[in-house]
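The values are calculated or read from the model by the stated rules, or taken from the named source; none is laboratory data. What you see is a predicted model; the values in this text were computed from it and never measured. Heads up, the Cβs are rebuilt from the backbone with ideal geometry, glycines too, and the neighbour counts pull from every protein chain shown. SASA here: full protein model, heavy atoms, side chains in, ligands and nucleic acids out. Shrake-Rupley method; radii C 1.70, N 1.55, O 1.52, S 1.80 Å.
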Amino acid sequence: MQIDVLGILDVRENGVSIAPTAPKPRQVLALLALHADQVVPVFALTDELWAGRPPRSARTTLQTYVLQLRDLITLALEQETSAEPESEPRRSAKDVLVTAPGGYMLVSGGGASDVREFERLAGMGYRAIDAGDHKEASRLLREALGLWTGPAFADVHNGARLEMEAKRLEESRLCALDQRIEADLRLGRHRELLAELTVLTSRYRTHENLHAQFMLALHRSGRRGEALEVYHRLRGTLVRDLGLEPSARLRRLQQSILVAAPEGPLTAESQQSATAPLAPARAGSGARYA
């Protein structure tokens, strides 16, 4: 099975799509696919479908959606090649979408999942940063981010649970992006990052780490005045929207740019504190989001 949720939902069994077009069965498949090889409780599925207010017929209706998914799985399994040994028993739809005590489980059969691959590559990238191998970290994190083709579950109507999962995945994506930029900065790719950081700081108007990275990239490209403008624009947004001043590390970076000559080195303390790798969870206490 191939499971893709980092963009348009696409679940393929034996190379054949088993994704329904109807909205609610699609929600069911999305939640099962995200947690493939794990039992998803009935209450989690009904909560996703009916936002905590399930109708009396909820369990029967959910069973209908499961049957619809199994019909699609059956069609996909019929495409299995005849090259398989005849002695090996053929799987049924109930073997792929299993009824378990208290819920249902989508069995991937050792297949691929873009979420699992993203998490694997990102984890390797974070470890490479921790080991000081910024070139490898940049490569791994770039590969991980390349798995995203759009927002998670882009074409699925999201209930409360899928909405929460989409936000979690987006946070993971943003953290990987932040760390990939950090690795590129440490590789001296300042000018190459300017266009990307211009877009990112406009999109995430209160994300301090992205603004710190933009300030560094501008300063190291000989654009000290613009680097200081980025700081003042961020400060204005933080004060106006959140009632907060920039963090101490960002203020230190501003002061270091103020006293440095264009394209000159910053103090080691200011530079390191402003762009230090985030904590292992990669959430970053200094990263505030719009």
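On the stretch given as region 148-157, residues that are surrounded by 19 or more Cβ atoms within 10 Å (Cβ to Cβ) and more than 8 Å from the chain's Cα centre (by Cα) total 2. One residue stands out in region 51-80 among those that are touching a helix residue (DSSP H, G or I) at 6+ places or on another chain (Cβ under 6 Å) and of a type outside the set (A, V, I, L, M): the one that is surrounded by the most Cβ atoms within 10 Å (Cβ to Cβ), namely TYR65.
Considering each of LEU250, LEU216, LEU228 in turn, give the residue that is touching an Asp or Glu at 6+ places or on another chain (Cβ under 7 Å) and either at pLDDT 95 or above or surrounded by 18 or more Cβ atoms within 10 Å (Cβ to Cβ) (or both).
Numbers: LEU216 fails: touching an Asp or Glu at 6+ places or on another chain (Cβ under 7 Å); LEU228 fails: touching an Asp or Glu at 6+ places or on another chain (Cβ under 7 Å).
Result of the check over LEU250, LEU216, LEU228: LEU250.
Among the residues of region 185-199, those that are in a helix (DSSP H, G or I) and open to solvent by 10 Å² or more (accessible area, probe 1.4 Å) comprise ARG186, HIS190, ARG191, GLU192, LEU194, ALA195, GLU196, THR198, VAL199.
Restricting attention to region 253-272, the residues that are out of contact with any Gly (no Cβ under 6 Å at 6 or more places or on another chain), open to solvent by 30 Å² or more (accessible area, probe 1.4 Å) and modelled with pLDDT under 55 total 6. Considering LEU34, LEU29, LEU45, LEU97, the condition of being open to solvent by 10 Å² or more (accessible area, probe 1.4 Å) and at negative phi is satisfied by LEU34 alone. Note on region 132-168: residues that are part of a loop (DSSP other than H, G, I, E, B) and of a type outside the set (D, E, K, R) total 14. Within region 127-164, the set of residues being of a type in the set (A, V, I, L, M, F, W, C) and without any contact (Cβ under 8 Å) to a residue 60 or more places away in the chain comprises ALA128, ALA131, ALA137, LEU140, LEU141, ALA144, LEU145, MET164.
When the residues of region 31-49 are narrowed to those that are closer than 17 Å to THR61 by Cβ and of a type in the set (A, V, I, L, M), which ends up farthest from the chain's Cα centre (by Cα)? Per the criteria, the residue is VAL42. Restricting region 106-119 to residues that are part of a helix (DSSP H, G or I), open to solvent by 20 Å² or more (accessible area, probe 1.4 Å) and in contact (Cβ under 8 Å) with a residue 24 or more places away in the chain leaves a set whose member that is farthest from ARG12 (Cα to Cα) is GLU119. Residues of region 8-23 that are surrounded by fewer than 18 Cβ atoms within 10 Å (Cβ to Cβ) and either within 13 Å of LEU106 (Cβ to Cβ) or among the charged types (D, E, K, R) (or both): ASP10, ARG12.
For GLU192, state whether it is within 19 Å of GLU117 (Cα to Cα) and under 25 Å from the mean Cα position of the chain (by Cα). Taking the combined requirement at face value, the residue does not satisfy it.
As a summary of the residue check, GLU182 satisfies the conditions (1) surrounded by fewer than 20 Cβ atoms within 10 Å (Cβ to Cβ); (2) assigned to a helix (DSSP H, G or I); (3) of a type in the set (D, E, K, R) except for the one numbered (1). Once region 120-139 is narrowed to residues that are open to solvent by 50 Å² or more (accessible area, probe 1.4 Å) and either within 22 Å of the chain's Cα centre (by Cα) or at pLDDT below 95 (or both), the residue that is nearest to SER17 (Cα to Cα) is ARG120. Step by step: first the residues of region 165-215, then only those that are in contact (Cβ under 8 Å) with a residue 40 or more places away in the chain and of a type in the set (Ser, Thr, Tyr), then the one that is farthest from THR237 (Cα to Cα). Which residue is that? For region 165-215, the residue satisfying everything is SER172.
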